[in-house]
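Reviewing the structure listed below.
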Amino acid sequence: MGRALVAFLIVIIVLKLCISVARADHNIYLPGLPTPIINSIKQTQTVKWCANQAAHNYPNFIAQVEDVQAEYTKRVGIKFEKVAFGTISSTGCHVQHNVQEFNCNGCAAHIYYANWPVVIEYKPSLGYTDWRSAIGHELGHGLLGLHEQYKDSGGVIQCVYRSDTVMSCGDPYVKYPQPLDITRGCTVLATSWCGAKPDPVYPLYDAARNCNFYGYWCYDFDDGIWYDPQNVSEWQDWVNGQKYNRRTGIFYWTLPVTYQHNGTTWECIDNCLN
């Protein structure tokens, strides 16, 4: 599942600068920010992405890209739109996911994060069945501007096995941006929506009460009754065996009610509400 070490290749076209290996452990941000993709995200909140044919042919690769992107949407707020493979001018693609061989020992993927479009390359000869840790890591570079969080100052990548960031490498193979990554990335994006929790999608399952929660009332599957946040039933006992439903605001008669005409009007004489 992307079990090789991940590295990045920095290519900053606008500065005519190329750095093949980073030389500082645990810097927080990449050089050259904000990049074109980050400026675009700040303006539109949307990344248009594409993938080469080899990526489409590789089993489950596209589904894994979409899974990681869905978590970036949920956790960070960035939206994604798939377009045909191409460039900014030809299809509007901002990020290319390309499955193709490249020269790098100990790398599963690398990114040209300052290119426009951004280019991410994945090494198919590794034969992984799950690329999500590599996908999530490279998107952390490209979309959030985050630096590596492993040791590379000696020119050799050494994993530190961190579970609190997608920007490390090795076990536990973190696939999605963690709170640390989101806080740091949202400092770069500096938008009102970044990191904001989305509105909850109802119903939410409340395991403690075995019911579906709809924002106030919770429906119990076992007895077919709705309960309020204090776990009090929707049904309220009333007079003469009648019941009042607090959720619907309707009285229900559980016993037969008898009316009698008194010569002028009908009046209740048995099991009356009042």
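Evaluation of Ile182 against the conditions (1) of a type outside the set (Phe, Trp, Tyr); (2) surrounded by fewer than 16 Cβ atoms within 10 Å (Cβ to Cβ); (3) touching a residue at least 60 places away in the same chain (Cβ under 8 Å); (4) not in a loop (DSSP other than H, G, I, E, B) shows that the sole unmet condition is (2). Among the residues of segment 47-65, some residue qualifies, meaning at least one is assigned to a helix (DSSP H, G or I), surrounded by fewer than 16 Cβ atoms within 10 Å (Cβ to Cβ), in contact with a Phe, Trp or Tyr (Cβ under 8 Å, 6 or more places away or on another chain) and not charged (D, E, K, R). Any residue at all in segment 236-254 that's among the β-branched types (Val, Ile, Thr), in a strand (DSSP E or B) and farther than 30 Å from Tyr150 by Cα? Yes, because at least one residue in segment 236-254 is among the β-branched types (Val, Ile, Thr), in a strand (DSSP E or B) and farther than 30 Å from Tyr150 by Cα.
Of all residues being closer than 22 Å to Tyr205 by Cα and open to solvent by 40 Å² or more (accessible area, probe 1.4 Å) in segment 228-245, which is nearest to the chain's Cα centre (by Cα)? Just the residue, please. By that ranking, first place goes to Pro229. Between Ser163, Ser153, Ser133, the distinction of being open to solvent by less than 30 Å² (accessible area, probe 1.4 Å) and either polar (S, T, N, Q) or at pLDDT below 95 (or both) belongs to Ser133 only.
Here the condition is being modelled with pLDDT under 85, at negative phi and among the aromatic types (Phe, Trp, Tyr); of Tyr202, Tyr214, it holds for Tyr202 alone.
Every listed requirement among (1) under 20 Å from Pro177 (Cβ atoms); (2) open to solvent by less than 10 Å² (accessible area, probe 1.4 Å); (3) at pLDDT 95 or above is met by Cys93 save one, (1). The residue that is surrounded by the fewest Cβ atoms within 10 Å (Cβ to Cβ), among those in segment 213-227 that are free of Cβ contacts under 8 Å to residues at least 12 places away in the same chain and out of contact with any Leu (no Cβ under 7 Å at 6 or more places or on another chain), is Gly224.
Find the residue count for segment 96-111, including only residues that are farther than 17 Å from Ile157 by Cβ and either touching a Gly at 6+ places or on another chain (Cβ under 9 Å) or crowded, with 22+ Cβ neighbours inside 10 Å (or both).
Kept after step one, since they are farther than 17 Å from Ile157 by Cβ, are these residues of segment 96-111: 96-101.
In the following step, the residues that additionally are either touching a Gly at 6+ places or on another chain (Cβ under 9 Å) or crowded, with 22+ Cβ neighbours inside 10 Å (or both) were identified as 96-97.
Of the residues in that region, 2 qualify.
Outside any strand (DSSP E or B), closer than 30 Å to Ser133 by Cα, open to solvent by less than 60 Å² (accessible area, probe 1.4 Å) and out of contact with any Asp or Glu (no Cβ under 6 Å at 6 or more places or on another chain): does that describe Arg209? Considered against the rule, which asks whether it is outside any strand (DSSP E or B), closer than 30 Å to Ser133 by Cα, open to solvent by less than 60 Å² (accessible area, probe 1.4 Å) and out of contact with any Asp or Glu (no Cβ under 6 Å at 6 or more places or on another chain), Arg209 comes out as no. Listed by first and then second residue, the pairs with beta-carbon distance under 6 Å, at least 6 apart or on different chains, first residue in segment 146-159 and closer than 23 Å to Pro34 by Cα, second of a type in the set (Val, Ile, Thr) and at pLDDT 80 or above, are His147/Ile28; Gln149/Thr165; Tyr150/Val160. Would you confirm whether or not segment 99-107 contains a residue that is over 23 Å from the mean Cα position of the chain (by Cα) and acidic (Asp, Glu)? Taking every residue of segment 99-107 in turn, at least one turns out to be over 23 Å from the mean Cα position of the chain (by Cα) and acidic (Asp, Glu). Exactly one residue out of Ala84, Ala63 is more than 16 Å from Gly142 (Cβ to Cβ), among the small types (Gly, Ala, Ser) and under 22 Å from the mean Cα position of the chain (by Cα): that is Ala63.
The values are calculated or read from the model by the stated rules, or taken from the named source; none is laboratory data. Not measured: the values here are computed from a predicted model. Ideal geometry is used to build each Cβ from the backbone, glycine not excepted, and the neighbour counts take in all protein chains shown. Side chains are part of the model used for accessible areas, which takes the heavy atoms of the whole protein and leaves out ligands, DNA and RNA. Shrake-Rupley method; radii C 1.70, N 1.55, O 1.52, S 1.80 Å.
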